[in-house]
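The values are calculated or read from the model by the stated rules, or taken from the named source; none is laboratory data. Keep in mind that this is a model prediction, so the values were computed, not measured. Glycine gets a Cβ as well: all are built from the backbone with ideal geometry, and neighbour counts include every protein chain shown.
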Amino acid sequence: MIIQPLASGSKGNLTLIQSENAKILVDQGLSAKQAAFRLQDAGHNPNDIQAIFITHEHGDHIGGVRVFAKKYKIPVYINSNILPIVRMKKNFDEIKDVRTFNPSDDIEFMDLILHPFRVSHDAIDTVNFIIKNKDKSVGIFTDLGFVNNLVKMKAQSIDLMILEANHDLNMLKNGTYPLELQQRIKSKFGHLSNEQSVNFLIETLKNNKIDNVILAHLSEENNDPNLAIDYFLEKLEKTNNSVKLMIAEQYKITKSFEI
């Protein structure tokens, strides 16, 4: 299985997952034109995408879905609990093939099994995904305000982790965001800080060996890639854990990983 973030951040999220028989996207928050450019830059034809799987209804995750799915005739899989909202607000009725799933129910697609599970975020019913092909799996842990026992359990069997590291607490506190927005970001319905993320990773590594971690959804204003990497490395070194870290970027594709 090949995993490649094509965009990650508050201006649009797009992740490519490819197996022997399947080629799918998780979220599509870019414009249709920009998404096509990113796919082509990664060596893929947009016409070859077979499905789009949606985590939640925020614009940076579904902003480009309607146009992209219509243009390339791609089925869209979406949580049944949020479909009425996106139909009303995002004109999803224009997409000919919309398929619903229930959180916690496995979705079989070609040779992939996608397992959605609920996380805490300020959307109607946000899910993250574990995506499995044969005996390998990737876990996508983004847009969650805190790490509960369910999230911890889901991380125990994955081979590659895409992990939100949204903000540095000091940068958020001393930045330009108003106090109300800072509190929302730090709340159980917001986003994971560098500290929360690395603690989650360290706990996961106690029982599961993961070689590669992709840090995702970094805030442009409240985090810095070098700061995040250095912070993670410092904390991991103290626990004698060693993993390869990569940043999923907003404005260009990230290298692909094969598991």
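When the test is whether a residue is surrounded by fewer than 16 Cβ atoms within 10 Å (Cβ to Cβ), aromatic (Phe, Trp, Tyr) and touching a residue at least 40 places away in the same chain (Cβ under 8 Å), TYR251 passes it. Which residues, taken from the range 16-58, are among the hydroxyl-bearing types (Ser, Thr, Tyr) and more than 16 Å from PRO75 (Cα to Cα)? Within the range 16-58, SER19, SER31 qualify. Among residues of the range 37-85 being of a type in the set (Gly, Ala, Ser) and touching a residue at least 24 places away in the same chain (Cβ under 8 Å), the one that is surrounded by the fewest Cβ atoms within 10 Å (Cβ to Cβ) is GLY59.
The rows are residues; the columns are (1) modelled with pLDDT under 95; (2) in a helix (DSSP H, G or I); (3) more than 21 Å from PHE141 (Cα to Cα); (4) polar (S, T, N, Q).
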position: MET161; (1), (2), (3), (4): no, no, no, no
position: TYR177; (1), (2), (3), (4): no, no, yes, no
position: LEU181; (1), (2), (3), (4): no, yes, yes, no
position: ARG184; (1), (2), (3), (4): no, yes, no, no
position: PHE189; (1), (2), (3), (4): no, no, no, no
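Residues of the range 36-45 that are aliphatic (A, V, I, L, M) and either part of a loop (DSSP other than H, G, I, E, B) or out of contact with any helix residue (DSSP H, G or I) (no Cβ under 9 Å at 6 or more places or on another chain) (or both): ALA42 alone. Meeting the requirement of 3 or more residues that are modelled with pLDDT under 95 and out of contact with any Pro (no Cβ under 9 Å at 6 or more places or on another chain), the helices (runs of 4 or more DSSP H) wholly within the range 46-147 are 83-90. Among the residues of the range 175-189, none qualifies, meaning not one is touching a helix residue (DSSP H, G or I) at 6+ places or on another chain (Cβ under 6 Å) and within 25 Å of THR254 (Cα to Cα). In the range 1-53, the residue that is nearest to the chain's Cα centre (by Cα) out of those that are closer than 23 Å to GLY139 by Cβ and among the acidic types (Asp, Glu) is ASP27. Any residue that is in contact (Cβ under 8 Å) with a residue 12 or more places away in the chain, crowded, with 22+ Cβ neighbours inside 10 Å, under 15 Å from the mean Cα position of the chain (by Cα) and on the phi < 0 side of the Ramachandran plot - is there at least one of those in the range 91-112? No - not one qualifying residue is present in the range 91-112.
Being over 24 Å from ASP125 (Cα atoms) and either of a type in the set (Val, Ile, Thr) or surrounded by 15 or more Cβ atoms within 10 Å (Cβ to Cβ) (or both) holds for only one residue in ILE202, ILE185, and it is ILE202.
For first residues located in the range 16-35 and assigned to a loop (DSSP other than H, G, I, E, B), partners that are hydroxyl-bearing (Ser, Thr, Tyr) and lie 6+ apart or on another chain with Cβ distances below 8 Å form the pairs ASP27/THR15; ASP27/THR55.
Looking only at residues in the range 231-259 that are in a loop (DSSP other than H, G, I, E, B), more than 16 Å from GLU203 (Cα to Cα) and not basic (Lys, Arg), the one that is farthest from the chain's Cα centre (by Cα) is ILE259.
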